[in-house]
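Q: Sharing a structure with you now.
The values are calculated or read from the model by the stated rules, or taken from the named source; none is laboratory data. The shown structure was predicted, so the numbers you read here are calculated from the model rather than taken from an experiment. Every residue, glycine as well, gets a Cβ built from its backbone with ideal geometry; the counts of neighbours run over all protein chains shown.
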Amino acid sequence: MGIGMDAYEQMGRELFEKSQGAPILLIGMGGVGGRIVAQIDKMLAKDSPRRDKVAILAIDTNVKDLRKLREQGIETIQISDERLVRQYLKDHPQYMSWFPNNIFLNNRGMLEGAGQIRAISRLAALAAEEEGKFRPIEEAVRKIAAVTGSGLKENIMTMVVGSICGGTGAGMFIQIPFYVKKIIQKVLAIPNVMVRGMFLGPDIMAPIQPGDLNRQAVYVNAYACLKELNAFYLLQRRDASSSLLRMEYYDYGENEDLEAEVMESRQMYQAIAKDLSSKGVAVLDEEIPEEVQEEYLKRNGTIPYDHLFLFDSSFNGGTIGQKQLAEVERMIASMAYVHLLTDVGENALSVEDNFILSTIGSNGMARFGSAGLCKIIYPGEQIMQYCSMRWITELVDSYWMRIDKRFEEELILAREEQAMNPRIQLPGIIERYQEIFLEETSGEHASMASLYAQVFMQNDDGTDFSLADRFLEQIEEMIEDATSKESLQRLGESCMDISIDQWIQSPEAARQGVATNKQSIRNYRAAVMKVIDDTKYSLPNQMIPATLSAMIQMSDRDSCISQILGRVHPIAARYLLYAILEQTAARAREANEDCFGLELDLISTADYDISGKNPGLPIEAILGKRMNRKQMRQVLEVYEDASGRTAANLTAYLSAQLRANVYETLQKRLEKLCDLYRRFFNVLESSTEDLRRQIRELKTMGRQSSVGEQYICCSESCLEALYERFALMCQNTGAELPQESARMILRNIYGEMELELKKNNMEDRRREDMAYNNRMRTIFNQAVAEVMQQKAREQASSVVEISIYDAFALEMQTELGIVREHDRARYDAMLDAWIKSKVSAAMTMAQPWIGICNTVGATTMSVYLAMHPDNAVRMDNTPSVEATAARYLKERTTPQGHAVTVLIHDNFRQNELICYKARYNLLIENLDKFKREGEAHSYYEQRINRIGQLPGTSRESEIITVINPHLNKYWCEEGFLPSIYPSQRIVDEKNNMRAFFYALTLEKPCCVRLKNTKGKISWWFLRGMDTIRVKAAGVPIGSSYADLYEAMKFNRDMKYTLLYYGKSHLHRIKAQSMQDQLEQEIYTQPIIADMIQQEKEPDDENMLDIFEKMSRSMESAQFNRLLEGLAQFIREYCEYMFDKDEVKVIYACRNIRNAIATFSKLYQRSKQEKLTYREEHLLSVFLELYEEDDMADSNAGLSKVLYDTDDPDAEAAVAKDEPGEKIFTDDYDDLA
């Protein structure tokens, strides 16, 4: 995969060699970054062999978002502090040197989040690092380094993802990569660490903002991030230690120390170019100058990101449209996953390393890029859901609800007939459900025959008996057991123990015998009542327990109803319940009838007065009277009859009342169960409606595919074709519901019955109805839908689980109505064209998500078609790249000439083809969304011009508009962050010169040196009534002219004020002067006169004398550019005054030169004494600038000197004739 090793020195070899499965450190910053890494974490299977080599962390301020990530198992770092900003700054005063001065920020709590204010995020990160919260980063590095096994320490791949548009992620955009480099260097003891970045741009984030001001802030922060990054990139080609840019964890080093060895650059670059070419990637430059050094790579330690991917919503050739942020984040996560964790990554990272080397040709600036992804997806899982859900809904309609629908139809018809004939009886659910069940389950053509076998068993004689009958028999047996206990029988028999022959021996014996018998009757009655009380609930509780826990406890007993309901289909369970309920109700009525009229105390109501004189007397009173034995026998025989009938009635009552109580209790519970089962079946309709809604959504999956996805074989016609095959495979699966599902349904319904039995009023019932329906829907989904879906998957998986190639074929067959058997050759040709057209469309959709200027050639791009081996063409049972390319690609190169690399590996999903493009080698000025005419630049300039002003309101969105968007309050100044546009950097330097000249020559505003009471001289800016100390980065500048010139790039307001008033001054002078008098008056005009200083005060200095002083301290290159800038300034002044009349311009410039030279102290001294070499050289150079021959082309002279800079990109921009800026631009009006 790498390029030829003989092209590299040892250092290069170790840097570019990559081992399979190198460890990866992935960091998500801010809310966006956290969600992206969470998606990547989900894509990376928990059992993946690479899991131990991948460390994923998220850094954010939002506690809720971080909690979700932690629940997913992602390591998180919360950057926040409980203190207010001002309290934290008070404890850390050193940070006040860069934190923005703003009262609204100072009173803000750091726990509130960054809120699009980047400096707060920087402050919070410092607080977090101070508290040791960044330790997980080091721990992650150590962990993945320990399992790498590669032996190459350089192979840790670090990627930072997030958004450059918000507060948290954008606020850590610069320092976190520096921190990570430091940690990896520390842990692995290596000198060079590469960090890559993937960040969302403002076009994606702007549409979701709550208002225009927040939307503008998104663009401002993005522009500020890239401007800062560009400034660090600019430091690669100069001594970074001389830069004023300072950032925590940033090792600015001294680049000039890296100039020790010169590498064999041309040989190295040719090897790189060869390798890139083999991957279909052209290189912009043909060769690198020989003086470029090998040690260039070490300078990567002074930059945050070695390569940065940016993503826009619109780009060259397309747009992602109005997509939800979550959808975009998911797609970015997919691209990052493909880029890092698949075979595409193994190839792409090698290409990136080579491109990083190739940035030598662009002075290390071409580090921007982007990626585009389009997956051709056969959504087999969604199609399986569609087919299984549809099959379940049809199964519920045609099978589960079949009896209910027949009954409902009959009920509607009966009601219509009843409306015309009131004598018509409506069918009852109990009786009719049983009848319909038998009709549907028995007979030769029964549609639900399998349910019959669940309900009916066969006797030994071959006759059928129902489980309901068996259950009822068990009830009778238990009642019989309860009433036929031996102790109870003995008590009943004791009531019959009457011996009249013995009792008539004496009145005392008779009275004693009656008393004994009465006690036996009382004992038997008490025993009967006790049996009834003890058994009327205990027996039903054994058959149909009142609570779920009791039912579960007794579920293994044959007498418990769970033994039959838990083993049959819910339809059969309803039949059994209705059958049992019908018989139970009948038997309860019969038992109550048997109880009716039974007298349980005939002894006290019997008439013992045989004489008829004292009716109603108790037997004891009668026996107390005198009577003979015959009379006594007659009385005792009456008693014996009453006692015997009382005992018999007690025995009958025991049986009848116990049966009545038991059956009534069972009837009540059965009614609840029947009603709950009925309601469960009613809920099925609403549950299947939920499924139908999902089916409707799945039916449109082809039209609703996400950005970067192209679904195949999922049109309505394709889904219909697949479902027909699916349903055919599942046609015999309808009644086979596992017993565990039946038990789950029973248990949940039983739990509902327990609740129903405890409810006290209708209000309780109404309140619970909705909750019940929701619970039953859950039970249906768990016990029925999910189980049946799994059964359907097992039964018909072969229908849906097909390869990409077969999916293409089925799609074409369905859409075009072509069958292979009709004309095989034509079919194969059409399928070949069909597949290639789909892949070609996906390649077009896979455009990198970045807009670039048209001046940039589309040559730095790598293109991949990646797939699982199951989708590849095999030759000799081995996947063949060439044959696979021939199947899927029209050409091996894109229309733009990029070769397509075909990758076949089992780390790609079987149901996907991946079209992936990565664009590299872009300069920041190539990015279309950040061009000068764009929104980002416009909003950024507006913000910079408003810094320090008071917001319109105290609303946070208003406060943002006046806060410095940079990580340092001084970084809005050009001296810290040069323009991102090379040609503008030239213009800025020219404007600095002009402002400097105006500062010395204007009356007001101007810059003057004043002496304080202690005699110290300092520069002051006079504007109107204001006298302002001139500073740079908050520190007063020195007193020299060179210090004032350097201060221009640190005082934006002062510079543009001087430029504005300078332009106005020129307009006013020209307007007040007569054209024919200009040639004589030009030397006395204020600006020129101040340069000449013909009538100077003692403290006044001639411009040449000023330059002589500046030459003592300035670098020669910088001084030469300033000197040439003065020449250009005078020429532009004359061109404006004389309307570019070349003769007058040349004449005026010569005379001004003569005047400046004549009245300079240096020139006067040259006549009296010998000048130093430096002075002679300055005077000669100054005079040469105005030689007549040069004056004809002063612009050429300026170009020669001015563009001889430390900024090669600026030189290149000038060479391309990019538009510069005229001296009299209207931009100064707004800026001033």
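Q: Filter the stretch 1005-1056 down to residues that are among the basic types (K, R) and under 20 Å from L1122 (Cα atoms) and give me whichever is surrounded by the most Cβ atoms within 10 Å (Cβ to Cβ).
A: Top of the filtered list is K1055.
Q: Regarding R678, is this residue within 30 Å of L598 (Cα to Cα) and either in a helix (DSSP H, G or I) or touching a Gly at 6+ places or on another chain (Cβ under 7 Å) (or both)?
A: It is false that R678 is within 30 Å of L598 (Cα to Cα) and either in a helix (DSSP H, G or I) or touching a Gly at 6+ places or on another chain (Cβ under 7 Å) (or both).
Q: Which residue pairs have Cβ atoms under 6 Å apart, sit 6 or more places apart or on different chains, and have a first residue in the stretch 481-492 that is free of Cβ contacts under 8 Å to residues at least 12 places away in the same chain and a second that is not in a helix (DSSP H, G or I)?
A: none
Q: Say whether the condition of being within 17 Å of C374 (Cα to Cα), surrounded by fewer than 22 Cβ atoms within 10 Å (Cβ to Cβ) and modelled with pLDDT of 90 or more is met by at least one residue in the stretch 866-880.
A: Within the stretch 866-880 (the criterion being within 17 Å of C374 (Cα to Cα), surrounded by fewer than 22 Cβ atoms within 10 Å (Cβ to Cβ) and modelled with pLDDT of 90 or more), the answer is yes, since at least one residue qualifies.
Here's the yes/no breakdown for (1) surrounded by fewer than 23 Cβ atoms within 10 Å (Cβ to Cβ); (2) touching a residue at least 24 places away in the same chain (Cβ under 8 Å); (3) under 26 Å from M335 (Cβ atoms); (4) under 22 Å from the mean Cα position of the chain (by Cα):
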| residue | (1), (2), (3), (4) |
| --- | --- |
| L188 | yes, yes, no, no |
| P191 | yes, yes, no, no |
| V195 | no, yes, yes, no |
| G201 | no, yes, yes, yes |
| Q209 | yes, no, yes, yes |
| L213 | yes, yes, no, no |
| V218 | no, yes, yes, yes |
| Y233 | no, yes, yes, no |
| Q236 | yes, yes, no, no |
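Q: Additional query: Residue by residue through the stretch 1074-1121, note down the ones that are buried (at least 17 other Cβ atoms within 10 Å of the Cβ) and either touching a Pro at 6+ places or on another chain (Cβ under 8 Å) or among the basic types (K, R) (or both).
A: Selection gives R1121 alone.
Q: So if I check each of Q489, Q474, Q519, Q542, which one is closer than 30 Å to N628 by Cβ and either assigned to a loop (DSSP other than H, G, I, E, B) or out of contact with any strand residue (DSSP E or B) (no Cβ under 7 Å at 6 or more places or on another chain) (or both)?
A: None of the others qualify; the one that does is Q519.
Q: Mind checking which residues of the stretch 1111-1157 are touching a helix residue (DSSP H, G or I) at 6+ places or on another chain (Cβ under 8 Å), farther than 17 Å from E1081 by Cα and either free of Cβ contacts under 8 Å to residues at least 24 places away in the same chain or assigned to a loop (DSSP other than H, G, I, E, B) (or both)?
A: S1111, R1112, S1113, M1114, F1119
Q: So which residues in the stretch 689-722 are aliphatic (A, V, I, L, M) and in a helix (DSSP H, G or I), if there are any at all?
A: L691, I695, L698, L719, A721, L722
Q: Which is touching a strand residue (DSSP E or B) at 6+ places or on another chain (Cβ under 8 Å) and either loosely packed, with under 14 Cβ neighbours inside 10 Å or of a type outside the set (G, A, S) (or both), of L576, L598?
A: Every option except L576 fails the conditions.
Q: Ok, one more. Hey, I818 hits all of (1) assigned to a helix (DSSP H, G or I); (2) surrounded by fewer than 18 Cβ atoms within 10 Å (Cβ to Cβ) but one; which does it fall short on?
A: Evaluating I818 over (1) assigned to a helix (DSSP H, G or I); (2) surrounded by fewer than 18 Cβ atoms within 10 Å (Cβ to Cβ) leaves (1) as the failure.
Q: Condition test on Q542, is it out of contact with any His (no Cβ under 8 Å at 6 or more places or on another chain) and within 18 Å of N748 (Cβ to Cβ)?
A: Answer is no for this residue.
Q: Do you know which residues across the stretch 88-102 are within 28 Å of L57 (Cβ to Cβ), assigned to a helix (DSSP H, G or I) and not charged (D, E, K, R)?
A: Matches in the stretch 88-102: Y88, L89, Q94, Y95.
Q: Got at least one residue in the stretch 165-176 being surrounded by fewer than 18 Cβ atoms within 10 Å (Cβ to Cβ) and either at pLDDT below 90 or among the basic types (K, R) (or both)?
A: No, the conditions are met nowhere in the stretch 165-176.
Okay, residues lined up against (1) aromatic (F, W, Y); (2) surrounded by 15 or more Cβ atoms within 10 Å (Cβ to Cβ); (3) under 30 Å from I603 (Cα atoms):
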site	(1), (2), (3)
R629	no, no, yes
T651	no, yes, yes
F680	yes, yes, no
S686	no, no, no
R703	no, no, no
L722	no, yes, no
L728	no, no, no
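Q: Does at least one position in the stretch 78-95 carry a residue that is hydrophobic (A, V, I, L, M, F, W, C) and at pLDDT 90 or above?
A: Within the stretch 78-95 (the criterion being hydrophobic (A, V, I, L, M, F, W, C) and at pLDDT 90 or above), the answer is no, since none of the residues qualifies.
Q: Another question about this same structure. Report yes if some residue within the stretch 920-933 is part of a loop (DSSP other than H, G, I, E, B), touching a residue at least 60 places away in the same chain (Cβ under 8 Å), closer than 21 Å to Y219 by Cβ and not aliphatic (A, V, I, L, M); otherwise report no.
A: Among the residues of the stretch 920-933, at least one is part of a loop (DSSP other than H, G, I, E, B), touching a residue at least 60 places away in the same chain (Cβ under 8 Å), closer than 21 Å to Y219 by Cβ and not aliphatic (A, V, I, L, M), which makes the answer yes.
Q: Is there a residue being under 53 Å from the mean Cα position of the chain (by Cα), of a type in the set (G, A, S) and assigned to a helix (DSSP H, G or I) anywhere in the stretch 621-644?
A: no
Q: Here is a follow-up. Please verify whether the stretch 974-987 includes one or more residues that are touching a Leu at 6+ places or on another chain (Cβ under 9 Å), over 22 Å from L308 (Cβ atoms), part of a loop (DSSP other than H, G, I, E, B) and not charged (D, E, K, R).
A: The answer is yes; a qualifying residue exists.
Q: Exactly one condition in (1) at pLDDT below 85; (2) within 28 Å of I564 (Cα to Cα); (3) of a type in the set (S, T, N, Q) is not met by N748; state its number.
A: Going through the list (1) at pLDDT below 85; (2) within 28 Å of I564 (Cα to Cα); (3) of a type in the set (S, T, N, Q), N748 breaks only (1).
Q: Something else: For the stretch 414-439, what are the residues that are of a type outside the set (A, V, I, L, M) and either more than 20 Å from L581 (Cβ to Cβ) or without any contact (Cβ under 8 Å) to a residue 12 or more places away in the chain (or both)?
A: Within the stretch 414-439, R415, E416, E417, Q418, N421, P422, R423, Q425, G428, E435, E439 meet the criteria.
Q: Do you know which of the residues in the stretch 863-891 that are in contact with a helix residue (DSSP H, G or I) (Cβ under 7 Å, 6 or more places away or on another chain) and not in a loop (DSSP other than H, G, I, E, B) is nearest to K838 (Cα to Cα)?
A: Among those residues, the one meeting the criterion is Y888.
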